[in-house]
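Okay, so here's the structure we're looking at.
A short reminder: the numbers here are calculations on the coordinates, not readings from a lab. Keep in mind that what you see is a predicted model, and the values were worked out from it rather than measured.
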Amino acid sequence: MNKLLPLLAAAAAAAGGILSLINTSGITDVSALRTVSKPTEVTVSGSLEAVKITDRHVVLILTGGGFKITAVADRRTLEALYGPVTPKNFEATVVVKGLYIPTNQTLVVESILRGCHSAYPQTPANTK
């Protein structure tokens, strides 16, 4: 039991350190979300596995280190900012910011920071 206590303390410290790193640092890899247990604001980078565009949403499947998440963005918001959205607009690596919900491994996208609309120069469609 005496040997188990230091191991448990070390494991708790490591988990807390990872969560702290995700919350306070810049961009982290999708794989770091594996240890998140409660909804958390994050900025993550992941390899783009798939893009699905519906009438209402843009759904990105992002992977990293053997872990996969679904990032969901509002299509109208993206199109207001960038113009028409197609799968060709996305690069192999995408960086997104938003609220990660670990119970269903979903990230509600607040903004796409990298890897979108770089296939062609595009001015914002909505200029106020």
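Descriptive notes on the structure:
- In a fully extended conformation the segment linking residue 77 and residue 59 would gain 5.2 nm over its present Cα-Cα distance, using 0.36 nm per residue.
- In this structure the amide hydrogen of residue 50, modeled in the peptide plane, comes within under 5 Å of the amide hydrogens of 61, none closer than 5 places in sequence on its chain.
- Long-range amide H partners of residue 85 with built H, under 5 Å: none
- The stretch 52-65 - phi-based ³J(HN,Hα) in whole Hz, Karplus 6.51/-1.76/1.60, Gly and Pro as x: 10, 10, 10, 4, 10, 10, 10, 10, 10, 9, 10, 10, x, x
- Interchain or long-range residues, amide H under 5 Å from residue 111's placed H: 97
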